[in-house]
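First the structure, in the form of structure tokens, and then the observations on it.
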Amino acid sequence: MSRIGKSPISLPKGVEFNISKGNLVTIKGPKGELQQQVDPDLTVEIEDGEVTLKRPTEQQRHRAMHGLYRSLINNMVQGVSEGFVKELELVGVGYRVTNTGQLLELTLGFSHPILFALPDEVSVSTTMEKGKNPAIRLESYDKQLLGQIAAKIRSFRKPEPYKGKGVRYKGEQIRRKAGKTAGK
């Protein structure tokens with residue numbers, strides 16, 4: 001029983017919702033426009049400013065798709081109306097970050113700086129305050145793309161377990177290991 005799939009999605013003001021042939025859902029809002037192809041077995045209905053998804057049977061596959069597409073559509077509605085934010089921080093001596101437009105330049109202890117071009121859907125801002133770790137703030141209306149970009153940036157230098165150095169999400173807890181104990 002999919003509890004997520006059963007709950008309706010309320011559309012905020014300023015959000016347009018369209019369903020075209022082949023279950024292609026298009027959502028337009030003040031922040032942008034997103035499209036998602038919904039499984040052809042599911043039916044998408046809109047009434048009184050609420051979107052509901054219905055499944056034809058109680059098969060395992062239909063139950064799984066029901067919850068999945070309800071979550072995807074809900075994330076799309078939330079993205080075009082409010083947007084999403086991911087924050088990363090760089091922990092380590094000499095780690096720096098700057099951005100010029102959509103180009104991110106990371107200095108992460110390698111012999112060369114890492115240049116990373118961001119797509120237009122993602123806006124970026126960087127901060128480097130004295131006494132604090134350098135930070136990257138990513139904003140977008142597409143949750144999936146935002147998570148993918150943040151994971152890619154984190155993969156340049158993942159946090160290591162001994163000193164905790166690397167690129168991490170803000171508020172992320174790193175499991176620390178004890179180092180070698182000194183001999184005699």
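Results, tabulated for the structure shown:
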quantity: Calculated Cα extents along the principal axes in Å (choose from [x] 47, 33, 26; [y] 70, 44, 24; [z] 42, 37, 29), label; calculated: [y]
quantity: Top of Lys165, Lys21, Lys13 by mean-square fluctuation, Gaussian network on the chain, Cα under 10 Å; calculated: Lys21
quantity: Whole-percent pair-distance distribution, where bins are 10 Å wide, for the alpha carbons of segment 107-184; calculated: 14, 41, 30, 10, 3, 1
quantity: Relative contact order [Cα under 8 Å, 6+ residues apart], segment 1-102, whole percent; calculated: 30
quantity: Percent carbon-and-sulfur accessible area, segment 1-117, ignoring ligands, DNA and RNA, probe 1.4 Å; calculated: 51
quantity: GNM top mover of Lys163, Lys31, Lys143 - the chain, alpha-carbon springs below 10 Å; calculated: Lys163
quantity: Cα-derived Rg over Rh, computed across segment 42-150 with Rh taken as Kirkwood radius; calculated: 1.17
quantity: Spacing of the two label points (7 Å from each Cα toward its C-beta) at Asp120 and Ser71, in nm; calculated: 3.1
quantity: Solvent-accessible area per residue, Å², over segment 1-96 with all protein chains present [probe radius 1.4 Å]; calculated: 58
quantity: Point-charge dipole on Cβ atoms (K/R +1, D/E -1) for segment 77-184, about Cα centre, debye to 20; calculated: 1060
quantity: Rounded tilt (10° steps) of 60-81 against the dominant C-alpha axis of the chain; calculated: 70
quantity: Contour minus Cα-Cα distance for Lys177 and Thr43 (0.36 nm per residue); calculated: 43.2 nm
quantity: Length-normalised contact order of segment 106-176 in % [C-alpha pairs under 8 Å, at least 6 apart]; calculated: 18
quantity: Percentage relative contact order, the chain, counting C-alpha pairs under 8 Å, at least six apart; calculated: 18
quantity: Within segment 32-122: Cβ-based charge dipole about Cα centre, in debye rounded to nearest 20 (Lys, Arg +1; Asp, Glu -1); calculated: 440
quantity: The chain: most fluctuating residue of Phe156, Phe17, Phe110 per GNM, C-alpha cutoff 10 Å; calculated: Phe110
quantity: Cut-off 10 Å between beta-carbons: net charge of the residues surrounding Asp39, Lys and Arg +1, Asp and Glu -1; calculated: +1
quantity: Cα long-axis angle, helix 143-155 against the chain (0 to 90 degrees, to the nearest 10); calculated: 20
quantity: HN-Hα J in Hz across segment 37-46 - Karplus 6.51, -1.76, 1.60, θ = phi - 60°, x for Gly and Pro; calculated: 7, 8, 3, x, 6, 7, 10, 10, 10, 10
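The values are calculated or read from the model by the stated rules, or taken from the named source; none is laboratory data. What you see is a predicted model, and the numbers here were worked out from it, not measured in a lab. Cβ sites come from the backbone with ideal geometry, for glycine too, and all protein chains shown count toward neighbours. The protein model used for the area step is the full one, side chains on, heavy atoms only, and it has no ligands, DNA or RNA in it. Shrake-Rupley method; radii C 1.70, N 1.55, O 1.52, S 1.80 Å.
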